[in-house]
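Enquirer: The following block contains the structure, expressed as structure tokens.
The values are calculated or read from the model by the stated rules, or taken from the named source; none is laboratory data. Here the structure is a predicted model, which means the values were calculated and not measured. Quick reminder, even Gly has a Cβ in these numbers, built from the backbone with ideal geometry, and neighbours come from all protein chains shown.
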């Protein structure tokens, strides 16, 4: 896939590298606390719920619902300004109440987004080594980009 | 524990504009000097400086040098957003009350219109390199298109719409209330009346937010002088007393991205309101006006609710019914707010409260103003607030 000019790419840290490694293999994986068993996102050094420093990365279903969303119609970012309008959402993952991820919704008309709309993860291969998670309405046809 | 014995003795401003033609350092120096003059204080008697900003203010070492202050007994430079605009005043009050310093100038200076604009490319890069974010956050936000504050706050606003049926007329009512107040404020930049039609015709930024839901990026500076009650009584202006200050910085929540919040339609105020009023020893009904942080229209609504002035979901009706207007039950943002006076990152709302409590607000004066609430923030994660009282 052709990389758009200036597409912001993740700069992984030691803490976040496993997340991006998973994306590269088109798997959505998150830290899961070995103390209280809860998932968390974004990656943190210890569990925000129980403070345990012990966790492991586990693949999740990649299914969730729209908790909130916006339609970006004007931005000043050098890359994203060329992609308006686009929809960003907070997705609540099926695995756990209150397990949120921010994300770009694709394959959707902005006027059709609704609260609680079921969505699923897809991966956009932006280079040979980087894939980014995106979200689309569950059951939507692939191909159109947001 | 309450902080006894601190007062605000002076306030000062530069002109607010879209292009100051001055450096941020010059703006800061001008505002601090004006605040000292207002208090009748020799500027070189200032022995403490406190400021904050996102790498876009002039920090204390720079300003202290340009004011010839020499040795500072207390200084503090926060890399932080508007959520600390009230916390810095509390900090200065603590410094004075504990004898660390005698006269502390709190200031904020920025070229927010002609210089670094929040949400722009340079700003995003800067935010990614400050320690404000965890090292994990920017890589998830920039790569999905969430690059500016309006988008983050619009996401919170949408959640409030989903949960409580809030709609754009509620946001418009906040914008129009602020604009009406700004018409009475010579420092305000946007003073032409605003109608619902004009609001609805303004361009989208991040739906549900239009341009007129967003504060006014501004060049300028303001400052205030915090000192002991005793010292303040000897100075030129009636002291405005520090009655209470509270801050909330919830652990396990992001800074801009509130990813670990349980409820995105509730803000920091819900966690600090009771202890703020308890410390001040007053009830909500004793508050004569409120300067509620309005980086965006929505943040005003959620703060009015979470400080307990109205039940959840009813702040929009409060504004639409005119109860937040001058002459209403609780006048809000008497200067026109960050939406219409200008965005000096919230510190200008503290200076407005001082003017009101000194009875110097002219056409926009809240009659008999005895107590004012000022607050700073709007998201679920972090914020701060003050209760100030007339002498």
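Enquirer: Which residue, of B:296, B:318, is without any contact (Cβ under 8 Å) to a residue 24 or more places away in the chain and under 30 Å from residue B:204 (Cβ atoms)?
Expert: Numbers: B:296 fails: without any contact (Cβ under 8 Å) to a residue 24 or more places away in the chain.
So the residue among B:296, B:318 that is without any contact (Cβ under 8 Å) to a residue 24 or more places away in the chain and under 30 Å from residue B:204 (Cβ atoms) is B:318.
Enquirer: Can you give me the ranges of the strands (runs of 3 or more DSSP E) entirely in segment B:158-260 with at least 3 residues that are more than 30 Å from residue B:102 (Cβ to Cβ)? Spell out how you get there, then give the answer.
Expert: On the way: elements: B:204-207, B:219-228, B:240-249.
So the answer is B:204-207.
Enquirer: Considering every residue within segment A:80-103, establish whether at least one is in contact (Cβ under 8 Å) with a residue 40 or more places away in the chain, more than 23 Å from residue B:263 (Cα to Cα), surrounded by fewer than 20 Cβ atoms within 10 Å (Cβ to Cβ) and within 17 Å of the chain's Cα centre (by Cα).
Expert: no
Enquirer: So, in segment B:144-161, exactly how many residues are without any contact (Cβ under 8 Å) to a residue 60 or more places away in the chain, over 12 Å from residue A:75 (Cβ atoms) and within 7 Å of chain A (Cβ to nearest Cβ)?
Expert: Filtering segment B:144-161 down to residues without any contact (Cβ under 8 Å) to a residue 60 or more places away in the chain leaves B:144-145, B:147-148, B:151, B:158, B:161.
Checking which are over 12 Å from residue A:75 (Cβ atoms) leaves us with B:144, B:158, B:161.
Next, from what is left, pick out any that are within 7 Å of chain A (Cβ to nearest Cβ): B:144, B:158.
Total satisfying the criteria: 2.
Enquirer: Name the residue that is nearest to the other protein chains (Cβ to nearest Cβ), counting only residues in segment A:104-122 that are buried (at least 16 other Cβ atoms within 10 Å of the Cβ) and part of a strand (DSSP E or B). Talk me through it step by step, then tell me what you get.
Expert: Kept after step one, since they are buried (at least 16 other Cβ atoms within 10 Å of the Cβ), are these residues of segment A:104-122: A:104-108, A:110, A:113, A:117, A:119-122.
Restricting the remaining residues to those that are part of a strand (DSSP E or B) gives A:104-105, A:119-122.
Numbers: A:104: 4, A:105: 9, A:119: 13, A:120: 16, A:121: 12, A:122: 13 Å.
Applying the filter and picking the extreme gives A:104.
Enquirer: Consider residue B:141 carefully, then state whether it is over 19 Å from residue B:14 (Cβ atoms) and either at pLDDT below 95 or not in a loop (DSSP other than H, G, I, E, B) (or both). Step through it out loud before you land on a result.
Expert: Details: over 19 Å from residue B:14 (Cβ atoms): yes; either at pLDDT below 95 or not in a loop (DSSP other than H, G, I, E, B) (or both): yes.
When the stated conditions are applied, residue B:141 passes them.
Enquirer: Among the numbered conditions (1) in a loop (DSSP other than H, G, I, E, B); (2) under 26 Å from residue A:11 (Cα atoms), tell me where residue A:133 comes up short.
Expert: (1)
Enquirer: Could I ask something else about it? What tally of residues in segment B:170-187 results from selecting those that are touching a strand residue (DSSP E or B) at 6+ places or on another chain (Cβ under 9 Å) and surrounded by fewer than 24 Cβ atoms within 10 Å (Cβ to Cβ)?
Expert: Adding up the residues that qualify gives 1.
Enquirer: Just to check your reading of the model, which residue among B:286, B:274, B:321 is within 20 Å of residue B:247 (Cα to Cα) and at pLDDT 95 or above?
Expert: Within the list B:286, B:274, B:321, the selection yields B:274.
Enquirer: Right, next: Take residue B:230 and decide whether it is touching a helix residue (DSSP H, G or I) at 6+ places or on another chain (Cβ under 8 Å) and surrounded by fewer than 17 Cβ atoms within 10 Å (Cβ to Cβ).
Expert: Working: touching a helix residue (DSSP H, G or I) at 6+ places or on another chain (Cβ under 8 Å): no; surrounded by fewer than 17 Cβ atoms within 10 Å (Cβ to Cβ): yes.
Criteria not met by residue B:230.
Enquirer: Next question. How many of the residues making up segment A:5-24 are more than 12 Å from every other protein chain (Cβ to nearest Cβ) and loosely packed, with under 12 Cβ neighbours inside 10 Å?
Expert: The total comes to 1.
Enquirer: Condition first: outside any helix (DSSP H, G or I) and at pLDDT 95 or above. Now tell me which residues in segment B:60-85 satisfy that.
Expert: Quick first cut of segment B:60-85, residues outside any helix (DSSP H, G or I) only: B:67-81, B:85.
Passing the criteria: B:67, B:68, B:69, B:72, B:73, B:74, B:75, B:76, B:77, B:85.
Enquirer: Something else now. Can you tell me how many residues within segment A:32-69 are in contact with a helix residue (DSSP H, G or I) (Cβ under 8 Å, 6 or more places away or on another chain), within 14 Å of chain B (Cβ to nearest Cβ), farther than 30 Å from residue B:164 by Cα and modelled with pLDDT of 95 or more?
Expert: The qualifying residues number 1.
Enquirer: Residues of segment B:96-117 being on the phi < 0 side of the Ramachandran plot and free of Cβ contacts under 8 Å to residues at least 60 places away in the same chain, which ones? First the steps, then the outcome.
Expert: Within segment B:96-117, the first condition is being on the phi < 0 side of the Ramachandran plot, and the residues that meet it are B:96-98, B:100-117.
Result: B:98, B:100, B:101.
Enquirer: Further question on the same structure: Between B:242, B:307, which is in contact with a helix residue (DSSP H, G or I) (Cβ under 6 Å, 6 or more places away or on another chain), closer than 22 Å to residue B:52 by Cα and away from every other protein chain (no Cβ under 14 Å)? Step through it out loud before you land on a result.
Expert: Working: B:307 fails: closer than 22 Å to residue B:52 by Cα.
Residue meeting the stated conditions: B:242.
Enquirer: Mind checking which residues of segment B:217-253 are more than 20 Å from the chain's Cα centre (by Cα) and at pLDDT below 90?
Expert: Filtering segment B:217-253 down to residues more than 20 Å from the chain's Cα centre (by Cα) leaves B:227-239, B:251-253.
Scanning segment B:217-253 gives B:251, B:252, B:253.
Enquirer: Quick check on segment A:70-79: of everything there that is outside any strand (DSSP E or B) and buried (at least 21 other Cβ atoms within 10 Å of the Cβ), which residue is nearest to the other protein chains (Cβ to nearest Cβ)? Please lay out each step first, then the result.
Expert: Keep residues of segment A:70-79 that are outside any strand (DSSP E or B), which gives A:73-79.
Keeping just the survivors that are buried (at least 21 other Cβ atoms within 10 Å of the Cβ) gives A:75, A:77.
Working: A:75: 6, A:77: 4 Å.
Among those that are outside any strand (DSSP E or B) and buried (at least 21 other Cβ atoms within 10 Å of the Cβ), it is A:77.
Enquirer: Given B:149, B:238, B:138, which one is surrounded by fewer than 24 Cβ atoms within 10 Å (Cβ to Cβ) and closer than 30 Å to residue A:123 by Cβ? Working first, answer last.
Expert: Working: B:238 fails: closer than 30 Å to residue A:123 by Cβ; B:138 fails: surrounded by fewer than 24 Cβ atoms within 10 Å (Cβ to Cβ).
One residue alone meets the criteria, B:149.
Enquirer: If you don't mind, there's one more thing I want to ask. Just need a number here: residues in segment B:1-17 that are farther than 18 Å from residue B:347 by Cα and touching a strand residue (DSSP E or B) at 6+ places or on another chain (Cβ under 8 Å). Show your work before the answer.
Expert: Step one: list which residues in segment B:1-17 are farther than 18 Å from residue B:347 by Cα, which gives B:1-5.
Of the ones still in play, those that are also touching a strand residue (DSSP E or B) at 6+ places or on another chain (Cβ under 8 Å) are B:2-3, B:5.
Selection size over segment B:1-17: 3.
Enquirer: Taking residue A:85 and the conditions (1) in contact with a strand residue (DSSP E or B) (Cβ under 7 Å, 6 or more places away or on another chain); (2) within 7 Å of chain B (Cβ to nearest Cβ), which numbered condition does it fall short on, given that it satisfies the others?
Expert: Only one criterion is unmet by residue A:85, namely (2).
Enquirer: Conditions: (1) surrounded by fewer than 20 Cβ atoms within 10 Å (Cβ to Cβ); (2) under 30 Å from residue B:149 (Cβ atoms); (3) at pLDDT 95 or above. Residue B:115 meets all but one. Number of the miss?
Expert: (3)
Enquirer: Give me a count of the residues in segment B:10-57 that are within 12 Å of residue B:109 (Cβ to Cβ), out of contact with any helix residue (DSSP H, G or I) (no Cβ under 9 Å at 6 or more places or on another chain) and in a loop (DSSP other than H, G, I, E, B).
Expert: Looking only at that region, the number is 1.
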